[in-house]
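Heads up, the thing below is written out as structure tokens.
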Amino acid sequence: MNFAHLLVELGRVLGFFSNLEKKLKTHLDGITEDLIQLLINYRLKFKMDKNWEMADKIREDLKKMGIQLKDTPEGTDWELIP
């Protein structure tokens, strides 16, 4: 276990990281949110063109970065994976 991992675990036990996901999502730098939305828009374009391979690749790559996409009738939303 490295120092950073130990620090995070101790902080979690002491309650320093409660609601971390909510805080991270609401405090993300504006450009990061814009880039995520840009990727979602490209994914939608690929889906409209029936390019399922690229649409799936964007979803998978975002998931690897800790971002989960949720498709709804109103559009695509995203959240950080805990």
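The values are calculated or read from the model by the stated rules, or taken from the named source; none is laboratory data. As the structure is a computational prediction, the values presented were derived from the model and not from experiment. Cβ coordinates were reconstructed from backbone atoms using ideal geometry, including for glycine residues, and neighbour counts include every protein chain displayed.
Being within 17 Å of Phe46 (Cα to Cα) and either hydrophobic (A, V, I, L, M, F, W, C) or touching a strand residue (DSSP E or B) at 6+ places or on another chain (Cβ under 9 Å) (or both) is the filter here; which residues of the stretch 62-82 pass it?
Leu62, Leu69, Lys70, Asp71, Thr76, Asp77
Filter the stretch 55-82 for residues that are polar (S, T, N, Q) and loosely packed, with under 11 Cβ neighbours inside 10 Å and give the result. Explain how you work it out, then say what you get.
Kept after step one, since they are polar (S, T, N, Q), are these residues of the stretch 55-82: 68, 72, 76.
If the condition is that a residue be polar (S, T, N, Q) and loosely packed, with under 11 Cβ neighbours inside 10 Å, then Thr72 is the only one that fits.
Which condition number in (1) at pLDDT 75 or above; (2) in contact with a Pro (Cβ under 9 Å, 6 or more places away or on another chain) is the one that Leu20 fails?
(1)
Sort out which residues of the stretch 48-82 are hydrophobic (A, V, I, L, M, F, W, C) and under 13 Å from Ile36 (Cα atoms), and write them in order of number. Walk me through it before giving the result.
The initial filter retains those residues of the stretch 48-82 that are hydrophobic (A, V, I, L, M, F, W, C), namely 48, 52, 54-55, 58, 62, 65, 67, 69, 78, 80-81.
Scanning the stretch 48-82 gives Ile58, Leu62, Met65, Ile67, Leu69, Trp78, Leu80.
Between residues in the stretch 36-59 that are more than 19 Å from Glu79 (Cβ to Cβ) and free of Cβ contacts under 8 Å to residues at least 40 places away in the same chain and residues that are among the small types (Gly, Ala, Ser) and in a helix (DSSP H, G or I), which pairs lie under 7 Å by C-beta distance while being six or more apart or on different chains?
Partner pairs satisfying both residue conditions: Phe46/Ala55; Lys47/Ala55.
From (1) in a loop (DSSP other than H, G, I, E, B); (2) charged (D, E, K, R); (3) at pLDDT below 95, pick out the condition that doesn't hold for Lys50.
Answer for Lys50: the failing condition is (3).
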